[in-house]
Amino acid sequence: MFIDSHAHLDMSEYEKDRAEVIERAFTRGIDHIVNIGIDVASSRKAIALARSYKKKISASIGLHPHSASEWGREAADAFRQMALEPEVVAYGEIGLDFYRNHSPKEDQLKAFVEQLDLAVELQLPVVIHDREAHRETLTALRGRLGSLKGGVIHCFSGDAKMADLVVSKMDFYISIPGTVTYAKAVTVQEVVRNLPVERLLLETDAPFLAPVPFRGKRNEPAYVFHTARMVAELKGMDLNTLGAVTSKNARNLFGLGRS
Ligand SMILES: [Zn+2]
């Protein structure tokens with residue numbers, strides 16, 4: 001019924017009960033999970049995980065802006081090699097994070113634009129992380145719109161105006177995380193109200209950003225249900241229709257099979 005378009009199930013938070021977390025998702029109406037790599041090692045783990053759950057979990061590979069300083073030819077070659085695996089459906093998460101600045105800005109910008117070019121070369125859609133870097137993110141994407149194979153801005157943190165631009169001028173999707181259930185999250189709630197549902201994806205970003213009523217706890221794909229319920233309410237749609245449309249969107253973007 002739902003697709004979790006962004007989860008990090010390879011992380012150590014799931015070391016003790018990973019299989020149970022995954023089974024729980026499947027028994028609670030999650031049809032598919034895209035597991036997102038953040039560096040070379042976790043991208044390899046994402047592929048291995050997808051291989052153990054064929055057609056139920058897919059992998060995305062890339063170097064997160066927090067680790068941008070690790071970017072270079074060696075990493076690029078590793079990702080090139082990984083992209084040959086059938087489990088890989090996207091490139092990312094890549095982008096810019098000028099809020100935490102775990103890597104210097106220049107390193108982030110270099111890793112971002114070079115990875116966008118790599119995604120073009122590999123013909124993979126991109127999964128974008130943008131925190132407090134809206135202008136620079138849009139500039140980098142705009143320069144490659146004709147050649148990119150589409151993409152999604154995950155955990156969207158811009159306003160309704162930026163959302164409209166991303167959707168109508170760039171033909172990207174916008175992914176809504178569990179934070180939409182927080183009472184004070186009025187900006188993202190407005191974004192959801194304004195956008196056509198045909199451009200929305202749902203995600204957990206598990207283990208982070210658990211929706212109400214699990215806020216502050218470890219997140220997991222099964223909880224995408226709570227995000228979906230809030231989005232359905234904001235759109236004035238029934239939950240089944242919202243699930244069908246957002247799942248179709250994710251299948252289109254990532255080229256997932258029907259099974
Ligand atoms: Zn993430």
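Read-outs throughout are calculated quantities, based only on the coordinates presented, and are distinct from any laboratory measurement. Note that the structure is a prediction, hence the values are computed from the model and not measured. Methodologically, a virtual Cβ is constructed for each residue, glycine included, from the backbone with ideal geometry; neighbour enumeration extends over all protein chains shown.
Remarks
- Listed residue pairs exceeding 29 Å between alpha carbons, taken from K110/K161; K45/K217; K54/K161; K56/K217: K54/K161
- Rounded to the nearest 20 debye, the dipole magnitude of the chain is 580 debye, with +1 charges on Lys and Arg beta carbons, -1 on Asp and Glu beta carbons, and the Cα centre as origin.
- Here the residues S52, S157, ranked from fewest to most Cβ neighbours within 10 Å of their Cβ, fall in the order S52, S157.
- Sequence-separation-based contact order of the chain, relative, with Cα cut under 8 Å and 6+ spacing, percent: 20 percent
- Peptides 58-71, 173-186 ranked from most to least packed give 58-71, 173-186, packing being the mean of other C-beta atoms within 10 angstrom over each peptide's residues.
- Here the chain is described by how far its Cα atoms reach on the three principal axes: 47, 41, 33 Å, from widest to narrowest.
- Ranked packing of 81-92, 238-249, 216-227, most packed first, by mean Cβ within 10 Å: 216-227, 81-92, 238-249
- Formal net charge of residues neighbouring A76 (Cβ-Cβ distance under 14 Å; K, R +1; D, E -1): -4
- The stretch 8-88: trypsin sites (Lys or Arg not before Pro) in DSSP loop, at most 12 other beta carbons within 10 Å: K16, K54
- Ranked D17, D205, criterion: other C-beta atoms within 10 Å, fewest first: D17, D205
- The convex hull built on the alpha-carbon positions of the stretch 115-259 has an orientation-averaged projected area of 8.8 nm².
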